[in-house]
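Below is one structure, written out as structure tokens, with a few remarks after it.
The values are calculated or read from the model by the stated rules, or taken from the named source; none is laboratory data. The shown structure was predicted, so the numbers you read here are calculated from the model rather than taken from an experiment. Backbone-built Cβ (ideal geometry, glycine too); neighbour counts: all protein chains shown. Keep in mind that these areas ignore ligands, DNA and RNA; they rest on the heavy atoms of the full protein, side chains included. Shrake-Rupley method; radii C 1.70, N 1.55, O 1.52, S 1.80 Å.
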Amino acid sequence: MGLPSLEDTIKEKLKDRKNAHFMLVDGMSKLLTEKVNNCQSVDFQVSGIKWRLVIRLSRGRKDHLSFVLEITDEKCTGSNWEVKFNFKIGIVPQTGPDYCFVLVGHQNEKQRIQGLANFISHTDLKERFLVNDKAGFYAEISDVQPNFPVTRIPRSMGTAERFKLIEFSPRNSRFTWKITQFSSFDGEEHSSYEFTVGPRRWRLVMYPKGFGDGKGNSLSLYLFASDYVTNGPKGGTLAIYKLRVLDQLHRNHCETDCRYWFPYNPVDPMDSLWGRHKFLPLEELHNASKGFLVNDQIYIGVDISIVSTTEYL
């Protein structure tokens, strides 16, 4: 009989770690090779407070990962709030004891994040904890003492999620928006029709005469994350993508690489919009020799190379 899967090991631990949240990261190689620079859990609640786990490349030692616990609760606003607590952060092996550290937490307006900057080396992770490009991280939180009232909802068991990084080939994630009669566009903002990549629908948003500090001098271009097409939790979605305006004459396209965590915020959709105010100078756009605008026709595109998905275990 073989070793249990990481998924089974995590599910077994949920029973006796009621104040823990586990994050199974599927696609660790993309973090270790710097294709992505961090992985974030969905928000979870312990002792009436919302928290989030963040695994990222260490800023001090490039051969290490950092692991931090962040308070994301909307009640933690202003300058007078604070939360004291104890917490343990660790990695789940297939067998044997966990790799973990026990820490004292004290968070407030000036410090919303705590953990270890050099949590584990890439070598130790690969040799001891990486299984089929997956690793299981967790935080266990106790003795939570906020200086403001909260409604504590007892947990009967821990929670867990699978955070997966999906890489796409350009032909499977490329979207091109052909706009004819470009000069006849009325209004400031124009959107493409929606397309689906990974767990969400997306669309391109373009301001022909600019937005923000690009207004009046540049074409502004953004990617917008819309609704989910999966039944998973509606947390943030990491997307790594390239925005472009095509050069129809010389193939010398105007391109910009982007990386953004797109939240799900129906109240303020602008949170789910990311790109460049000054994407393409209007002087270049309307210069016929540049090839961006030919016969009043323009091609705007996006290639999405990596997208994250999340589901509960």
Checklist entry - Given 0.36 nm per residue, what is the gain on full extension from residue 196 to residue 294 after removing their alpha carbon distance, in nm? => result 32.4 nm
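Evaluate E = 1/(1 + (r/R0)^6) for residue 167 and residue 109, where r is the Cβ-Cβ distance and R0 equals 45 Å; express this FRET efficiency to the nearest 0.05.
Working: r = 38 Å, r/R0 = 0.84.
Calculated transfer efficiency: 0.75.
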Next on the checklist: Under 27 Å between alpha carbons: how many lysine pairs meet that in region 1-101, if sequence neighbours fewer than 8 apart on the same chain are excluded?
Outcome noted: 23
Checklist entry - Once the other residues with Cβ under 14 Å from the Cβ of residue 121 are scored (Lys, Arg +1; Asp, Glu -1), what is the net sum? => result +1
Checklist entry - Protein chains only, probe 1.4 Å: how do 65, 103 rank by accessible area, largest first? => result 103, 65
Checklist entry - With every protein chain left in place, what is the accessible area of residue 184 in Å² (1.4 Å probe, nearest 10)? => result 70
Checklist outcome for this item: Against the 2.2 N^0.38 Å rule of thumb, the C-alpha Rg of the chain sits at a ratio of 1.16
Next on the checklist: Could you derive backbone 3J(HN,Hα) for region 80-86 from the dihedral phi with the Karplus parameters 6.51, -1.76 and 1.60 (θ = phi - 60°), listing whole Hz in sequence and x where the residue is Gly or Pro?
Outcome noted: 10, 7, 7, 9, 9, 6, 10
Checklist entry - For region 262-313, what class follows from the C-alpha gyration tensor (a ≥ b ≥ c being the square roots of its eigenvalues): rounded when a/c is under 1.5, otherwise prolate if a/b is larger than b/c, else oblate? => result prolate
Checklist entry - Heavy-atom accessible area of residue 312 with all protein chains present, probe 1.4 Å, nearest 10 Å²? => result 140
Checklist entry - Each residue of region 136-147 in turn: what ³J(HN,Hα) in whole Hz from Karplus with 6.51, -1.76, 1.60 and θ = phi - 60°, glycine and Pro shown as x? => result x, 9, 8, 10, 10, 10, 8, 6, 6, 10, x, 9
Next on the checklist: How large is the accessible surface of residue 178 in square angstrom, using a 1.4 angstrom probe and rounding to the nearest 10?
Outcome noted: 110
Next on the checklist: Going by amide H atoms built from the backbone, whose H comes under 5 Å of the H on residue 226, apart from near neighbours?
Outcome noted: 201, 202, 203
Next on the checklist: Calculate the FRET efficiency for residue 213 and residue 284 from the Cβ-Cβ distance with a Förster distance of 25 Å, rounded to the nearest 0.05.
Outcome noted: 0.90
Item to check | Exposure rank, largest accessible area first [274, 261, 81; 1.4 Å] | outcome: 274, 261, 81
Checklist outcome for this item: Residue-ordered couplings for region 100-105, obtained by feeding phi - 60° into the Karplus form 6.51 cos²θ - 1.76 cosθ + 1.60 and rounding to whole Hz (Gly and Pro as x), are 8, 9, 9, 9, 9, x
Item to check | Carbon and sulfur %, accessible surface of the chain computed with the full protein complex present, 1.4 Å | outcome: 46
Checklist entry - Each label point is 7 Å from the Cα along the Cα-to-Cβ direction; what then is the distance between the points at residue 132 and residue 15, in nm? => result 2.2
